[in-house]
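Colleague: Take a look at the following structure, please.
The values are calculated or read from the model by the stated rules, or taken from the named source; none is laboratory data. Predicted, not measured: the structure shown is a model, and the values here were computed from it. Virtual Cβ from ideal backbone geometry, glycine too; neighbours counted across all protein chains shown.
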2 protein chains.
Amino acid sequence: MILTVTLNTALDLTYSVPALVPHTSHRVRETSERPGGKGLNVARVLSALGHDTVVTGFAGGPTGALLRELLATAAPSAAGPVTDALVDSGPVTDSPVDSTPVTDALITVAGNTRRTIAVADRATGDTTQLNEPGPQIAADEWAALLSRYEELLPGADAVALCGSLPPGIHVSAYAELVRAARAAKVPVLLDTSGEPLRRGIAARPDLIKPNTEELAQLTGAQEPARATRDARRRGAHGVIASLGPDGLLALVPEGSWRARPPAPVRGNPTGAGDSAVAGLLSGLVEGLSWPDRLRRAVALSTATVLSPTAGDFDRAAYEELLPRVVVEEHAPAA
Amino acid sequence: MILTVTLNTALDLTYSVPALVPHTSHRVRETSERPGGKGLNVARVLSALGHDTVVTGFAGGPTGALLRELLATAAPSAAGPVTDALVDSGPVTDSPVDSTPVTDALITVAGNTRRTIAVADRATGDTTQLNEPGPQIAADEWAALLSRYEELLPGADAVALCGSLPPGIHVSAYAELVRAARAAKVPVLLDTSGEPLRRGIAARPDLIKPNTEELAQLTGAQEPARATRDARRRGAHGVIASLGPDGLLALVPEGSWRARPPAPVRGNPTGAGDSAVAGLLSGLVEGLSWPDRLRRAVALSTATVLSPTAGDFDRAAYEELLPRVVVEEHAPAA
């Protein structure tokens, strides 16, 4: 089982408009809504890859209820195995194989789960994003999450800690979750930014997956190879830097690699980073070599950019891309 | 009791951002949500003015449930009397005077009530609007609305028919509702636009309240006095044309008046037209003269522009403006 933690889950709404023009009124013809927050996106891709996946984090209020309802009924991007309900708090489903949900181990909170709104211009696909801040989390709700997390860790083959912190959560929250995973000897990947990333790294996660902007903010270095080395020095055992359309740069105890798509692609990059995390974690759990993990991560994130639905991956594109991703050894770290 | 009908209710979300910049990401620091759709806005103002108010129309799905919850608990703009529950389907409350809800006689539908999103630039107050289309309404749901409306009409002193039609509702729906009100001898105000307005007028409502754009679209005439006369000829017994910051132009069987605020004001015009409708209807039910009805309508809509919260009115501003609204007889209709 792979566990993903999303402290600031979201109901993701996508609105399609001809073009967003500030200070005018728009009739939205096409809308979609689905469970969001980075860890839920990672879980959806893991589920589509056939992995048992459990999600924890917080959900509350009417939007939280709707998010959980969609989570229970949403089909993953592609057929996966039926997931066992691993915790008694999650809904048990008897859905057919092609609508297997991830297992819901979210903690119910008093506050209202946030919405995010992506307004996509129909012609260009360019997206304008509006993100609500998320509910205030109380001390007893955080304690309930920690307790649920400790219960789930012994059954997990890997854990991903994903996204921003909602109001009320202390800035060292991820550091605390990293330490608990390390103590339980469960490989832990941290995907966040800013001060929560800085503090989390000091707790020595197995992997971090920053993009170049997050790396520069963390280390002050603009050059990715230099920033990646610096991030390792700050405590991360391995760093997978996302270079956007140029793929990934990996600096891990076993070596260093560059992985890139066979050709540049155009599309919507929403969720591409989350698909890369799913590729890395599934490859780890399956015991793949580093080059194969990176190949999968790049193929998945490229197939996500190519998907017509933001955040989903195009399975045919994924399978076509997988053998064509270019992986090269990178000059050893200085 | 005053009845308002909102066929396309909405959950109105307002997001405050420093400035909306297309194709970038925005962290929304301030959000508000409340029951919306023109008829619900009218009802909220009527309730604040101390009138028993019943709302009907459609609500469904998770957003419909949230809308009804907010409707049951929302305090009106200012203190009003306790509203009796006039229909057994609405929630009966024993709230104190300052949180009296309007009475909920909405019809539950299978589809999901729409959201509207107003993105307000903090510095200028300029607003960008994103409106979902609303749920598909089935034939039996429309029949249930008609039946509920017929039950409510005998107890109503006036009725307002407000806003756009959701998908699935035939374009003569308002004409049908106007005819039923006329048959029951209940004064009926129609506030919509486009083809539903054109068809509705032919059923001879007592009043319509178009703005200059809606009037021009209806009649082809750009000049408000001319367009107002033309709209009467098409069937409306009385026309109250909204001239935006210049106030109202009234052409009714009893005469013709211009009413304008004492001085121009700056602010957010969202809901100003709905407040004007509430002023007209409450003045009708209280037996005020036409000049006094128009005075109230202009003072309420100006106090709505001045309110810091979109769609609410500033009661102190309203009371200060009321005696200062300028009402003049207008040249008799040609």
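Colleague: Just to check your reading of the model, which residue among A:P264, A:P323 is more than 23 Å from A:G36 (Cβ to Cβ) and either part of a helix (DSSP H, G or I) or touching a Cys at 6+ places or on another chain (Cβ under 8 Å) (or both)? Please lay out each step first, then the result.
Modeller: Details: A:P264 fails: either part of a helix (DSSP H, G or I) or touching a Cys at 6+ places or on another chain (Cβ under 8 Å) (or both).
Residue meeting the stated conditions: A:P323.
Colleague: Considering only the range A:303-319, state which residues are over 19 Å from A:D126 (Cβ atoms) and part of a helix (DSSP H, G or I).
Modeller: Result: A:A303, A:R315, A:A316, A:A317, A:Y318, A:E319.
Colleague: Of all the residues that make up the range B:238-263, how many are farther than 18 Å from B:A216 by Cα and not small (G, A, S)? Write out each step before concluding.
Modeller: Let us first name the residues in the range B:238-263 that are farther than 18 Å from B:A216 by Cα, namely B:252-263.
In the following step, the residues that additionally are not small (G, A, S) were identified as B:252-254, B:257-258, B:260-262.
Qualifying residue count for the region: 8.
Colleague: Still on this structure, I have one more. Is there a residue in the range B:286-300 that is touching an Asp or Glu at 6+ places or on another chain (Cβ under 6 Å), in a helix (DSSP H, G or I) and farther than 20 Å from B:D206 by Cβ?
Modeller: We begin by selecting, within the range B:286-300, every residue touching an Asp or Glu at 6+ places or on another chain (Cβ under 6 Å); these are B:290.
Still in the list and also in a helix (DSSP H, G or I): B:290.
Remaining after also requiring farther than 20 Å from B:D206 by Cβ: none.
Scanning the range B:286-300 turns up no residue that is touching an Asp or Glu at 6+ places or on another chain (Cβ under 6 Å), in a helix (DSSP H, G or I) and farther than 20 Å from B:D206 by Cβ.
Colleague: Would you point out which residue out of B:S77, B:S89 is surrounded by 21 or more Cβ atoms within 10 Å (Cβ to Cβ), at pLDDT below 95 and of a type in the set (S, T, Y)? Quick ask: steps written out before the conclusion?
Modeller: Working: B:S89 fails: surrounded by 21 or more Cβ atoms within 10 Å (Cβ to Cβ).
None of the others qualify; the one that does is B:S77.
Colleague: Then there's this: How many residues does the range A:47-65 contain that are hydrophobic (A, V, I, L, M, F, W, C) and surrounded by fewer than 23 Cβ atoms within 10 Å (Cβ to Cβ)? Can you show your working first?
Modeller: Of the range A:47-65, the ones hydrophobic (A, V, I, L, M, F, W, C) are A:48-49, A:54-55, A:58-59, A:65.
Applying the additional criterion that residues be surrounded by fewer than 23 Cβ atoms within 10 Å (Cβ to Cβ) yields A:65.
Of the residues in that region, 1 qualify.
Colleague: Take the range A:156-189 and flag every residue that is surrounded by 24 or more Cβ atoms within 10 Å (Cβ to Cβ) and touching an Asp or Glu at 6+ places or on another chain (Cβ under 6 Å).
Modeller: A:C162, A:V188
Colleague: Tally time: how many residues in the range B:108-141 are of a type outside the set (A, V, I, L, M), away from every other protein chain (no Cβ under 12 Å), closer than 19 Å to B:K38 by Cα and buried (at least 17 other Cβ atoms within 10 Å of the Cβ)?
Modeller: 0
Colleague: Pick from B:G235, B:G247, B:G279: which is farther than 20 Å from B:E319 by Cβ and not aliphatic (A, V, I, L, M)?
Modeller: B:G235
Colleague: Just wondering, is there one or more residues in the range B:206-213 that are in contact with a Pro (Cβ under 8 Å, 6 or more places away or on another chain) and in a helix (DSSP H, G or I)? Full working, then the answer.
Modeller: Let us first name the residues in the range B:206-213 that are in contact with a Pro (Cβ under 8 Å, 6 or more places away or on another chain), namely B:206-207, B:212.
Restricting the remaining residues to those that are in a helix (DSSP H, G or I) gives B:212.
Yes, the range B:206-213 contains at least one residue that is in contact with a Pro (Cβ under 8 Å, 6 or more places away or on another chain) and in a helix (DSSP H, G or I).
Colleague: Mind checking whether some residue in the range A:54-61 is within 11 Å of chain B (Cβ to nearest Cβ) and touching a residue at least 60 places away in the same chain (Cβ under 8 Å)? Spell out how you get there, then give the answer.
Modeller: As a first pass, look at the range A:54-61 and keep what is within 11 Å of chain B (Cβ to nearest Cβ): A:61.
Restricting the remaining residues to those that are touching a residue at least 60 places away in the same chain (Cβ under 8 Å) gives A:61.
Yes, that holds for at least one residue.
Colleague: What number of residues within the range B:1-48 satisfy the criterion of being within 12 Å of chain A (Cβ to nearest Cβ) and more than 23 Å from the chain's Cα centre (by Cα)?
Modeller: Of the residues in the range B:1-48, 14 are within 12 Å of chain A (Cβ to nearest Cβ) and more than 23 Å from the chain's Cα centre (by Cα).
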